[in-house]
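Following: one structure in structure tokens, then a few remarks.
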Amino acid sequence: MNARKWLFGILTVSLTAVCPLSSVRGADPLDTAGGPGKPYLVAVGVGEFKDPAIHARPTADADAKALHKLLTDPKYLGVTADRAKLLTSADASRESVLKAIEAGVDATGKDDLLIIALFGRGSSVAEKPCFLTAETVFKERAKTAFTTTDLEPIFKKIKSQKLLFLMDVAYKGFDPGTEKVAEPTVSDFLKLAFGDADREDNALPTNRVLVFGNLPFREPLTKGDHGLFYSTLSDGLSGKADEAPYFTGYEPDGLVTINELAKYLEKEIPNGARAIGKTDKEKELVPFIIGQSTSRFWITRNPAETEKVAQHLKKITALVKDGKLTEEEGKEATTLLFRMPKLKWSQNLRKAYQELADGKITTDALSATRKTLKEGLKLPVEDGETYATKVTEWVRELSSRYIKPVTPGELTAAAIRGLYTAAEEPLPADLDDALKKPKDLTAERRTELLTEARVRLGKREDLEGDKAVDLSLTMASNSLNDRYTIYTDREGVLKLASQLRGRFPGVGIQIRRDAVRDGLLVATPIKGSPAYRAGIQAGDLITEIRLEVDNKGKPLPAAATKVYSTKGMKTDDAVNLILGAPETPVTLVVDREGFKEPKPYRLMRNYVMVETVHGVKRKENTDWSFFLDEKYKIGFVNISQFISLTNDDGKEQFGTFTDLKKAIAEMKKTGLNGLVIDLRENPGGYLSSAVSICDMFVGKQSIVTVKPRVGAVREYKGKTAGDDSFPIVVLVNGDSASASEIVAACLQDHGRAVIVGERTYGKGSVQDVAEFTPTGGELKYTIARYYPPSGRNIDKLATEQDPSIKDWGVKPDYGFEVKLSSEELNDWFEYSQDLHIIPPPGKPIPTVNPAKDKQLQKGLDHLREVIKATGKGPKD
């Protein structure tokens, strides 16, 4: 029995007899409830290998076979035999797998679900991840394994299909001999699944989800005859993800949605790893899932609930047939009962239809409830006008200064369409027609359309307050296809404050999940913060968060949750609870080695200043020492971002420039012969901070030229004499962006520094960041492009838009390019992530070590040679 027949097996005749087929099809849950359409499955499991250099992985074949059996079972999904391809060790060659995946892409159309599942072992060919087949000879894997490069042309054909890409691939378990094999990175798979996903806070393509059972550099775990990933996945798909606490709404609805499955995997895989893992690394196994926040499709049915749903639908059909419900009500009831709606009023209406089907209320009572609920949705026109006024303010700001010409009408249309897309509602036909020529819209007409669009959506909890404005501006910003132009809502501004300003209201700790102990680990307190002064230490485990007030300082009502366990809590959720207005309390319950029981720390939130200039090693008072080589008097500063906090007179009160100037002054007291400035992984920050730092070293010369669309070109020049008394090396890599590229390019163009490492990110644009007072949010939008003293192009986007522009970014000087393989990069990240922590008393102090950093070593060797040549080096 196919999926469509199975769903309506007991009500097909009565339902189609009640109303025209077109009306029924409009309510067909497989068409309109985010269903799988005509699903297609490609399940690949390879655990047996002819080459003895590749270790067997028996669970791979078993996992692929079991997933195929599960998803072809009509009880769960019912993929038909002609649309379910199973490949195991016996027949999964490079060609057969690529052919099967391409066939799946070609056979799926709009709204169909394509499931691709890979179980087995992988490696890399050069820098590209590959999947090993049974016939693969490891040393010749370029010929018989398939890589992400092989899959790219196939995945590019995916358009409107829903995609669920499941991977449980072990990138270990082979003997490479003397060959050094790079570990794969996640980025290749993200590009494969999402195309150009390298966008700053930009929306991913909708209804595409990528699920790693474990990150590529971790070894999967086995549970019985299957991998832990498949064991957990199968439980979730079989219905457990539709049970408490994972279901959406007030009860299970018989469907396993992608959001429910993601929540289930994120909770239960770590639980399983903690139970069966033998080492800390095994116990830390977590899945990696991306795309679920922009996806709403359902995958399988939960058999424990489907019969109950079917019975309700059958009774609704009978009521329509008997004339006790209208066709419109029958269609509405079918949609609500089949899948749990997300809005509270819809859920309450669903309950009423359930009670009607169960004979607990009459149709008159249902009608009264329905009327009351729908009347409660009416939004006053004044609220619609307020929405229109706030969106219009954004439209005015963007259209006047954005780097590319865009009319107020185009921005207004994008805001309206974006609002309906985010609200998951179809845009009414008349509004759609009115927006088809957006450039012709007058100011008055734009206001009318914005007001009407908002009023028609009514009162909804997902649009209350300024949420409708937030959604409109977020989606409209995304529509500009500019990865650097974004709108951030009020909550986001609070979380992101430290990234740009280096100053945020909180308690001053960096946290990450501790998967082994299932809590929140304090990576480090921030120097001078409330947490630091209270004695919270790196390595502490936060087990509870206790609140007395909300994040604005208002006392919580008696019924509000005040104590939150951190078990299973996401880091972002913890941050939302901990951040809040200055001078408001929050209590963190901390467990620490040596404590008899967890200890509460009641902290008063305050403004926390982030360190952006780091040295070689912390002193006992937690200040930095900056000399990397005492003999040669070579200093080292790592700049993590460029921040600036100014006084009313415009002078920097606190920031990167001020801290760097202090560090250099301290080193010069005892003699400074050379300096390494480490800008790797630096995403940028304030232009003023970058200009001031360049001024320190190049003097009264050109630093950077900013060319806006609107307004005069501005050239920034140094104002001081500049300090050229010592040579400089600047370290950069592919994540050195924006302000860090301004500094690197300026110093390189003037011959003031040697650039070492890898080509930079290529962000050659300037964004204005301004508070959006109507909502308390923030606008960041591109207003200009910048050019270093040589006038060369930095912006990678420019090369994509204009084929005549060939070069981008800041490249290392000749002879100073030092590339890191994926494995070397992972090793460097692992070594460097703890360099900035404040260790607890008695613990080793992390120290910069060139022996673990070949880019730094290259720069250090160069400075030693230069210093020797000038006669300033140590005497032998």
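The values are calculated or read from the model by the stated rules, or taken from the named source; none is laboratory data. In this text the structure is predicted, and so the values were computed from the model without any measurement. As a convention, Cβ positions derive from the backbone with ideal geometry for all residues, glycine included, and neighbour counts pool all protein chains shown. Ligands, DNA and RNA are stripped out before the accessible areas are found, and what is left, the full protein with its side chains, is counted by its heavy atoms. Shrake-Rupley method; radii C 1.70, N 1.55, O 1.52, S 1.80 Å.
A quick yes/no check of all residues on (1) β-branched (Val, Ile, Thr); (2) without any contact (Cβ under 8 Å) to a residue 24 or more places away in the chain:
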residue	(1), (2)
LYS263	no, yes
GLY277	no, no
ILE290	yes, no
ALA318	no, no
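Among residues of segment 349-361 being on the phi < 0 side of the Ramachandran plot and not in a helix (DSSP H, G or I), the one that is least open to solvent (accessible area, probe 1.4 Å) is ILE361. Here the condition is being farther than 29 Å from THR222 by Cβ and either among the hydroxyl-bearing types (Ser, Thr, Tyr) or open to solvent by less than 10 Å² (accessible area, probe 1.4 Å) (or both); of THR257, THR306, it holds for THR306 alone. The numbered conditions (1) over 23 Å from GLY859 (Cα atoms); (2) among the hydrophobic types (A, V, I, L, M, F, W, C); (3) more than 31 Å from the chain's Cα centre (by Cα) are all true for ILE643 except (3). Out of segment 75-87, which residues are in a loop (DSSP other than H, G, I, E, B) and either open to solvent by less than 40 Å² (accessible area, probe 1.4 Å) or among the hydroxyl-bearing types (Ser, Thr, Tyr) (or both)? Across segment 75-87, the qualifying residues are TYR76, LEU77, GLY78, VAL79, THR80.
Looking across segment 135-154, the residues that are among the β-branched types (Val, Ile, Thr), open to solvent by less than 60 Å² (accessible area, probe 1.4 Å) and over 30 Å from the mean Cα position of the chain (by Cα) come down to THR136, THR144.
Between SER234, SER238, SER293, the distinction of being open to solvent by 10 Å² or more (accessible area, probe 1.4 Å), among the hydroxyl-bearing types (Ser, Thr, Tyr), under 27 Å from VAL516 (Cβ atoms) and over 23 Å from the mean Cα position of the chain (by Cα) belongs to SER234 only.
Which one is farthest from the chain's Cα centre (by Cα), of the residues in segment 754-770 that are open to solvent by 10 Å² or more (accessible area, probe 1.4 Å) and among the hydrophobic types (A, V, I, L, M, F, W, C)? First the steps, then the outcome.
From segment 754-770, those open to solvent by 10 Å² or more (accessible area, probe 1.4 Å) are 754, 758-759, 761, 763, 766-770; that's our starting set.
Now restrict to residues that are among the hydrophobic types (A, V, I, L, M, F, W, C): 754, 766, 769-770.
Details: VAL754: 34, VAL766: 23, VAL769: 21, ALA770: 23 Å.
Among residues in segment 754-770 that are open to solvent by 10 Å² or more (accessible area, probe 1.4 Å) and among the hydrophobic types (A, V, I, L, M, F, W, C), the one farthest from the chain's Cα centre (by Cα) is VAL754.
Would you tally the residues in segment 627-637 being surrounded by 24 or more Cβ atoms within 10 Å (Cβ to Cβ) and not β-branched (Val, Ile, Thr)? Steps first, please.
Step one: list which residues in segment 627-637 are surrounded by 24 or more Cβ atoms within 10 Å (Cβ to Cβ), which gives 628, 634-636.
Those left that are additionally not β-branched (Val, Ile, Thr): 628, 635-636.
Number satisfying all stated conditions: 3.
What's the number of the only condition in (1) without any contact (Cβ under 8 Å) to a residue 40 or more places away in the chain; (2) open to solvent by 40 Å² or more (accessible area, probe 1.4 Å) that SER400 fails to meet? For SER400, the failing item is (1).
Take the residues of segment 56-74 that are among the charged types (D, E, K, R) and assigned to a helix (DSSP H, G or I): which is least open to solvent (accessible area, probe 1.4 Å)? Show your work before the answer.
Taking segment 56-74 and keeping what is among the charged types (D, E, K, R), we get 57, 61, 63, 65, 69, 73.
Narrowing the set further to residues that are assigned to a helix (DSSP H, G or I) leaves 61, 63, 65, 69.
Details: ASP61: 17, ASP63: 1, LYS65: 108, LYS69: 153 Å².
If we take residues in segment 56-74 being among the charged types (D, E, K, R) and assigned to a helix (DSSP H, G or I), then ASP63 is least open to solvent (accessible area, probe 1.4 Å).
Residue check: is TYR814 over 23 Å from GLU630 (Cα atoms), aromatic (Phe, Trp, Tyr) and surrounded by fewer than 18 Cβ atoms within 10 Å (Cβ to Cβ)? Spell out how you get there, then give the answer.
Working: over 23 Å from GLU630 (Cα atoms): yes; aromatic (Phe, Trp, Tyr): yes; surrounded by fewer than 18 Cβ atoms within 10 Å (Cβ to Cβ): yes.
It is true that TYR814 is over 23 Å from GLU630 (Cα atoms), aromatic (Phe, Trp, Tyr) and surrounded by fewer than 18 Cβ atoms within 10 Å (Cβ to Cβ).
Specify the residue that is surrounded by the fewest Cβ atoms within 10 Å (Cβ to Cβ); the eligible residues are those in segment 155-181 that are among the aliphatic types (A, V, I, L, M) and over 22 Å from THR294 (Cα atoms). Lay out the reasoning, then the answer.
Restricting attention to segment 155-181, the residues satisfying the condition of being among the aliphatic types (A, V, I, L, M) are 158, 163-164, 166-167, 169-170, 181.
Narrowing the set further to residues that are over 22 Å from THR294 (Cα atoms) leaves 169-170, 181.
Details: VAL169: 26, ALA170: 24, VAL181: 19.
Filtering first and then ranking leaves VAL181.
Are any residues in segment 44-88 among the aliphatic types (A, V, I, L, M), touching a Ser or Thr at 6+ places or on another chain (Cβ under 7 Å) and over 30 Å from GLY109 (Cβ atoms), and if so, which ones? Residue satisfying the conditions is ILE54 alone.
Is one or more of the residues making up segment 632-642 closer than 30 Å to PRO683 by Cβ, in contact with a strand residue (DSSP E or B) (Cβ under 7 Å, 6 or more places away or on another chain), among the hydroxyl-bearing types (Ser, Thr, Tyr) and not in a loop (DSSP other than H, G, I, E, B)? Quick ask: steps written out before the conclusion?
Keep residues of segment 632-642 that are closer than 30 Å to PRO683 by Cβ, which gives 634-642.
Filter once more, so that each one left must be in contact with a strand residue (DSSP E or B) (Cβ under 7 Å, 6 or more places away or on another chain): 634-642.
Now restrict to residues that are among the hydroxyl-bearing types (Ser, Thr, Tyr): 640.
Add one more test, that the residue is not in a loop (DSSP other than H, G, I, E, B), and what stays is none.
No, there is no match, as no residue in segment 632-642 is closer than 30 Å to PRO683 by Cβ, in contact with a strand residue (DSSP E or B) (Cβ under 7 Å, 6 or more places away or on another chain), among the hydroxyl-bearing types (Ser, Thr, Tyr) and not in a loop (DSSP other than H, G, I, E, B).
The conditions of being out of contact with any helix residue (DSSP H, G or I) (no Cβ under 7 Å at 6 or more places or on another chain), surrounded by 18 or more Cβ atoms within 10 Å (Cβ to Cβ), more than 30 Å from ARG533 (Cα to Cα) and modelled with pLDDT of 90 or more are met by ARG864. With respect to GLY655, determine if the residue is more than 20 Å from VAL732 (Cα to Cα) and open to solvent by less than 30 Å² (accessible area, probe 1.4 Å). For GLY655, the condition - more than 20 Å from VAL732 (Cα to Cα) and open to solvent by less than 30 Å² (accessible area, probe 1.4 Å) - is met. Among strands (runs of 3 or more DSSP E) entirely within segment 479-596, having at least 3 residues that are over 30 Å from GLU397 (Cβ atoms) and open to solvent by 20 Å² or more (accessible area, probe 1.4 Å) singles out 509-514, 541-547, 563-565.
Filtered by the rule that a residue be open to solvent by less than 60 Å² (accessible area, probe 1.4 Å) and either assigned to a helix (DSSP H, G or I) or within 30 Å of LYS875 (Cα to Cα) (or both), segment 822-845 gives SER822, GLU823, GLU824, LEU825, ASN826, TRP828, TYR831, SER832. The sole residue among ASP364, ASP383 that is part of a helix (DSSP H, G or I), among the acidic types (Asp, Glu) and touching a Lys or Arg at 6+ places or on another chain (Cβ under 8 Å) is ASP383.
In segment 610-631, the residues that are under 16 Å from GLY842 (Cα atoms) and without any contact (Cβ under 8 Å) to a residue 60 or more places away in the chain form Cβ pairs under 9 Å with partners that are in a loop (DSSP other than H, G, I, E, B) and among the β-branched types (Val, Ile, Thr), at six or more places apart or across chains, as follows: LYS619/ILE845; GLU620/ILE845.
Restricting LEU373, LEU366, LEU411, LEU377 to residues that are under 27 Å from the mean Cα position of the chain (by Cα) and open to solvent by less than 40 Å² (accessible area, probe 1.4 Å) narrows the list to LEU411. In segment 741-749, the condition of being free of Cβ contacts under 8 Å to residues at least 12 places away in the same chain and closer than 28 Å to THR870 by Cα is met by no residue. Considered as a group, the residues in segment 597-609 that are touching a residue at least 40 places away in the same chain (Cβ under 8 Å) and assigned to a loop (DSSP other than H, G, I, E, B) include one that is surrounded by the most Cβ atoms within 10 Å (Cβ to Cβ), and that residue is ARG605.
Beta carbons closer than 8 Å, at least 6 apart along the sequence or on distinct chains, pair a first residue in segment 715-731 that is farther than 19 Å from VAL810 by Cβ and of a type in the set (Ser, Thr, Tyr) with a second that is at pLDDT 95 or above and not in a loop (DSSP other than H, G, I, E, B) for THR720/ASP695; THR720/MET696.
Here is a list: LYS872, LYS819. Which entry is within 30 Å of ASP629 (Cα to Cα), open to solvent by 80 Å² or more (accessible area, probe 1.4 Å) and within 27 Å of the chain's Cα centre (by Cα)?
Working: LYS872 fails: within 27 Å of the chain's Cα centre (by Cα).
On inspection, the qualifying residue turns out to be LYS819.
Scanning segment 449-459 for residues that are part of a loop (DSSP other than H, G, I, E, B) and open to solvent by 20 Å² or more (accessible area, probe 1.4 Å) yields one hit, LYS459.
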